[in-house]
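Everything below concerns the one structure shown next.
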Amino acid sequence: MNHDHLRILVEIAQQGSFSSVAKLHDLDPSSVSRMVQSVERELGVRLFQRSTRHVALTEAGNAYLTRVSYLLEELDSASEALKSLEQHPAGTLRVTASVAFGQTCLVPLMPEFASLYPDILMELIFTDANLDMVSDRIDLALRLSPRMAQDMVRVKWFNASYKLCASPGYLIRHGAIRKPSDLIDHRCVLFGHPHPQSNWLVHCSSGAIENVSVPAAMTASNGLAQRELALAGVGPALMPTWLSASNIASGQLVDILPDYTITPGDFEGAAWLLYPSRTFLPAKTRAIVDFLLSRTQPQWIAAQRPSTANRSST
């Protein structure tokens, strides 16, 4: 049933006149009369008794339009609530990220976001499995992998770099690592499951990229576990700067080859914000996207590759 037609029926019942309602909507009275007849045929009942001077509701018309009037008010109320929700960031916001990335990069920002948007209920879903954004009702996903859904909107949050790290104790026990080829004599803590990242790319000052295959001491499917194993001295680990920078700064880990740029074989080089569509983007999603794009930590951002002069001077 056409909602506009129902509104006109309610107005006729309230004003008791076809012509006044037609004038209100800038319609011909005969078109209003035909519309009423069409609705009556569809319902199979007579809604109005007509005479040359008066229009009155039938018993069936009164029962029907009383309920219709209430439903139209509820529909208007729902529409206004929806407009308010879309204009003002509110409601439940489901955000997913890997465990390590979410814990390290997202959680520290959440107190500020919560204070800015108290009407948004955050649901942080940290998992190393890639959830289906539609079936799992995900509003925003934070991703590092190059294997991202092609039908999602992707916005780069920040560039990412990697550091080859080891604990000071490990280097005392096993000796210094001075160049990438030395890694063949060291068993490393690798990230990834079921396919550990054992092939690393070394970016040379000449512009060439060398492939180094490293032996494994242990693998971890979670970045936090990989970092804990490196801190415990199990072996060197290639970790993103956002995960390792604080431990390097504190001296718990050593940046082994600072004059080289080393990346995993499937290096993406960035953190991305993914959401399903730009069309009718909810205010709550726009709020979190804009907030995150305006907040990055210096240690997360990829440093420029060391210059040739810097390399030769060390």
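Just so you know, all these numbers are worked out from the coordinates, no wet-lab data involved. None of these values were measured; they are calculated from a predicted model. Here Cβ is always computed from backbone atoms with ideal geometry, including for glycine, and neighbour counts include all displayed protein chains.
Values as computed for the structure displayed
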item: In sequence order, calculated HN-Hα J values of the stretch 33-40 (Karplus, 6.51, -1.76, 1.60; Hz; x Gly/Pro); result: 4, 5, 4, 4, 4, 5, 5, 4
item: Rounded to 10°, Cα long-axis angle of helix 283-293 versus longest principal axis of the chain; result: 20 degrees
item: Stretch gain in nm, segment residue 74-residue 299, where the contour uses 0.36 nm per residue and the Cα spacing is subtracted; result: 75.8 nm
item: Beta bridges per DSSP with both ends in the stretch 162-267, % antiparallel, nearest 5; result: 75 percent
item: Point-charge dipole on Cβ atoms (K/R +1, D/E -1) for the stretch 162-267, about Cα centre, debye to 20; result: 180 debye
item: Fluctuation leader among 196, 29, 180 - the chain, Gaussian network, Cα springs under 10 angstrom; result: 29
item: Spatially near lysine pairs across the chain, Cα under 30 Å, sequence gap of 8 or more or different chains; result: 5
item: Approximate spin-label separation residue 67-residue 154, in nm, with each point projected 7 Å along Cα-to-Cβ; result: 5.2 nm
item: Amide H contacts under 5 Å for residue 153, placed H, 5+ residues apart; result: 275, 277
item: Gyration tensor verdict on the stretch 177-247 (Cα atoms; rounded if a/c is under 1.5, prolate if a/b is larger than b/c, oblate otherwise); result: prolate
item: Calculated Rg and Dmax of the stretch 3-87 using C-alpha coordinates, Å; result: 14.3, 48
item: Theoretical ellipticity at 222 nm over the chain - DSSP helices of four or more residues, -39500 (n - 2.57) apiece, nearest 500; result: -11000 deg cm²/dmol
item: Alpha-carbon centroids, the stretch 199-215 and the stretch 6-58: separation in whole Å; result: 80 Å
item: (1) 16.8; (2) 21.7; (3) 23.9, with the label sought being that of the calculated mean projected area of the Cα convex hull in nm²; result: (3)
item: Förster-model FRET efficiency, 25 Å R0, residue 179 and residue 222, C-beta, rounded to 0.05; result: 0.25
item: Rounded FRET efficiency, nearest 0.05, which uses the C-beta distance separating residue 56 from residue 23 and R0 of 25 Å; result: 0.80
item: The stretch 101-260 shape via C-alpha gyration tensor axes, a/c threshold 1.5; result: prolate
item: Amide hydrogen neighbours beyond the local backbone of residue 133, cut-off 5 Å, H modeled; result: none
item: Extension gain from residue 250 to residue 112, taking 0.36 nm per residue of separation minus the Cα-Cα distance; result: 47.1 nm
item: Long-range amide H partners of residue 219 with built H, under 5 Å; result: 190
item: Furthest towards positive pole of dipole, 66, 89, 102, structure part the stretch 1-135, Cβ charges; result: 66
